[in-house]
């Protein structure tokens, strides 16, 4: 009987795990709803005091018949760590209200570090790929490189070129990430840029990171190099310019070249091609900002979250582009194959690392 109970308990735990994964898409949709309603901004504008459900409903213009559903929404968001509950009148143990956490502060509309564009980018264009994943894995056609191409008939980059709204959304996501990562890089790795006369940000999008570097280091000549449809119409400054082109063909010469979140988009063969072009164009070093997969034993909850998030991005790369996330051994092989003599890796950007490559 004890053995049977043990088996039953194991089956019930397994069922719970399946349910949890089956419903996990709801996490992103609930978060998108919260950002669309501007819940973080409403609580922020309440003056730092806990905001009750009735006050929040009023601020968000929630219909009176839907207030109880807002309560359900907030219960989930509190559990997920986006908001916290506090007593409205400390010590009375009665009504509670909502306050911001570090996570929800990153979703404020006017925050320079806001991650809103990433949350709002969740939509049919990117999720449709997953409907084709199993078919793509079983398909023997070499002409279909990704599930995204199977779903849309074109690559992500071609879709961005042809669809201005998608292109704008993609660039906003990249820019919002660059603001946060640039501030950390300049603060923690200032020495990476010191002594350089010029730097080219390859795949730098609308130039958010390059602008910050140009401002912080006014003597460094900065350039953003990206596809023509990305940089057309963008205006530079005294020490910043935009250049259209294709990194597989030729990269402008400079002391340093930056590849921020670029290489994980491409397979090994293409990465080596890109890195070889960089080696031809650089005189000092190549600066890579990308994920390095963690491989240590699971211990703390935060370690587990980090590893799972990296693996989720790995799945995203498989579905949307031809790339993947890599561990240090896999990165090192790419660097050697591209002809670089050495590298230095600094784990200072949360899930990502900063890697300096030397010719």
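Read-outs throughout are calculated quantities, based only on the coordinates presented, and are distinct from any laboratory measurement. Just so you know, these numbers come straight off a predicted model, no measurement behind them. With ideal geometry, Cβ positions are generated from the backbone for all residues, glycine too; neighbour counts draw on all protein chains shown.
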Notebook entry, point to check: Once the Cα atoms of helix 164-188 and of the chain are each reduced to a long axis, what angle between those two axes, in degrees from 0 to 90 to the nearest 10, is obtained?
Noted result: 80 degrees
Next item on the list: Please work out the FRET efficiency for the pair residue 307 and residue 175, using the Cβ-Cβ distance as r and a Förster radius of 25 Å; give the result to the nearest 0.05.
Entry: 0.40
Margin query: What distance in nm lies between label points placed 7 Å from Cα along the C-beta direction at residue 341 and residue 243?
Written below: 2.4 nm
Check: Measuring from label point to label point, each 7 Å out along Cα→Cβ, what is the residue 19 to residue 333 span in nm?
Finding: 4.2 nm
Next item on the list: May I ask what percent, to the nearest 5, of DSSP beta bridges between residues of segment 154-358 are antiparallel?
Entry: 40 percent
Check: How far is helix 301-320 tilted, in degrees, relative to the longest principal axis of the Cα atoms in the chain, given as a value from 0 to 90 rounded to the nearest 10?
Finding: 60 degrees
Notebook entry, point to check: When DSSP beta bridges are limited to those with both residues in the chain, what percentage is antiparallel, rounded to the nearest 5?
Noted result: 50 percent
Check: Against the longest principal axis of the chain, how steep is helix 25-37, in degrees 0 to 90 to the nearest 10, with axes from Cα atoms?
Finding: 90 degrees
Check: Any idea how far apart residue 229 and residue 94 come out in nm if each label point goes 7 Å out from Cα toward Cβ?
Finding: 6.0 nm
Margin query: Can you tell me how segment 154-358 classifies by the Cα gyration tensor, rounded, prolate or oblate, using a/c under 1.5 as the rounded cut?
Written below: rounded
Item checked: Dmax and Rg, reported as Rg then Dmax, of the chain (C-alpha, Å) -> 23.3, 79
Notebook entry, point to check: Peptides 268-274, 157-163: what's the order by average Cβ count within 10 Å, highest mean first?
Noted result: 268-274, 157-163
